[in-house]
Amino acid sequence: MLFCDHLSHQEALEAKQANREGLLAGLLTDFRKTFPDLTFELQLDFSIINAQALRLANRQLVTIYGGLALHPRLGSDGLTLIVLHEVGHHLAEGCRSKRDPSLACECAADHWAVTTGMANLRMRTDRSLHMRVAVEELDAVVGPRQPTKGKYTKGNKSSGCWAGGWPSRRSALLARDRSPQRAGCCISNI
Amino acid sequence: MGSFINSQADNEICEALNKRFSDNVDPSDSQGRTYLAVLRDHFRNRENFLDRTHHLNRVFHRLARSVTGSANVPRARDSRRRWFALLRRTLPAPVMQAIRDQLTAILTQGGAANPAGSVNYVIFSTQHVSTRSGTFELFDQNGAVPQVHTDANRKTYCAVVLQCNVDAPLPDAPNEPDPPAADPGETTLAVRKRPRKGGKKTKKPAKKSSTGKKKTTTRKSKAKKTGKRK
């Protein structure tokens, strides 16, 4: 996370004034109710535009950093999808992340988020997720930071991994029915 | 670490370290040992690269290149220099010492007194969080002993997590030495050779000297030349 983009101070200030903190509080309440075994943390003092799933000291952490939480282009749907994805890293089965084998890979986390995760959240809290709205919100935030071509992945088209570029990831999120590979996630940076 | 938006340089750094400390079989090892087993052997029998005469930026550079073959990590030069500067001078001394201590525990002989020395693999990660010291810390509070966990497959692992209290990008370091200067007493870490594109090249047999023989053209090669197909 040392090399992530940061949200400007001005944008963060505007979001706080627009009662974003109320929206975030409601969101976290619903997630804590639905997934009580996980620890959800909001780190508004850090302007990193990202969220993170991490296992630390036997705790399953989901952290949303200020840059994403306060991002002016993100609303309730975009944030819900982001947090569901992070929960998916902890709870999805199947393919493991190369960077941390204790977590599910990107595709498995995405697929879990828009199927099982979304259903569980709706069942426990009545919070619904409008996928098209969420994806449109994320277009402006993720798109420029996750280009399509091979920058982030080694070419391995046969694996079926869609997490390398935002357009393929976007399509997979909207389609929902496309399940990820069981093994062999192609996200590899070295 | 799972993040919603890929951060290229972060991922490259963590992935290189994770692989070097992984339980994947090291393809360059003739005995078929894992990357971590080979590294432990190197550390115990050839070179203590975590003592005070070795610099962490150089150690990282060598560890990373031992899994990439020849590529530097991170690939982007500016990011790489910023990362080297962090390891060489920005990290507070207690953090550097904690890194040396935790990795030493992982690489030295395991047993009841040192469970970290027997773990199957290590995960490296970063986390942005308020720390007690108000600056960087190695989890937990720069402790010398890494925590040992067990994963769903009953494998044991350690998580080495650099915690960052600073809400700012790493400063540019255009004058940072890249690659870092060699430390005294270095011995070569086994390096994975990059496979050539198109597979292994076999040595062509030496050309026979021309004895004035005419080349005979077979029907097959003729068809090839003219582009005809059956």
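Considering all different alpha carbon pairs of the range B:1-158, the Kirkwood hydrodynamic radius works out to 16.4 Å.
The packing ranking, built from the mean of other Cβ atoms within 10 Å per residue, places the peptides A:130-138, B:61-69 in the order B:61-69, A:130-138, highest first. With q set to 0.17 Å⁻¹, the log10 of I(q)/I(0) for the range A:9-175, from the Debye formula over equal scatterers at the Cα positions, is -1.08. For the range A:31-101 and the range B:1-56, write down the distance between their C-alpha centroids in whole Å. With the range A:31-101 and the range B:1-56 each reduced to a Cα centre, they are spaced 27 Å.
One decimal place: the segment A:Arg176-A:Glu21 gains 52.8 nm when fully extended, by the rule 0.36 nm per residue minus the C-alpha distance. Mean partner shielding of peptide B:143-155, defined as the number of other chain Cβ atoms within 10 Å of each residue Cβ, is 2.
Say R0 is 60 Å: what FRET efficiency, to the nearest 0.05, do A:Arg124 and B:Asn114 get from their beta-carbon distance? Given R0 = 60 Å and the Cβ-Cβ separation, E is 0.85. Mean per-residue shielding of peptide A:55-61 is 4, counting Cβ atoms of other chains within 10 Å of each Cβ. Take each residue of peptide A:92-102, count the partner chain Cβ atoms within 10 Å of its Cβ, and average: the result is 6. A P(r) calculated from all alpha carbon pairs of the range B:5-83, with 5 Å bins opening at zero, reads 3, 15, 23, 25, 17, 12, 4, 1, 0 percent.
Only the coordinates and a few stated rules stand behind these numbers; no lab work does. The structure displayed is predicted, hence computed values, not measured ones. All Cβ positions, even for glycine, are placed from backbone atoms using ideal geometry, and neighbour counts span all protein chains on display.
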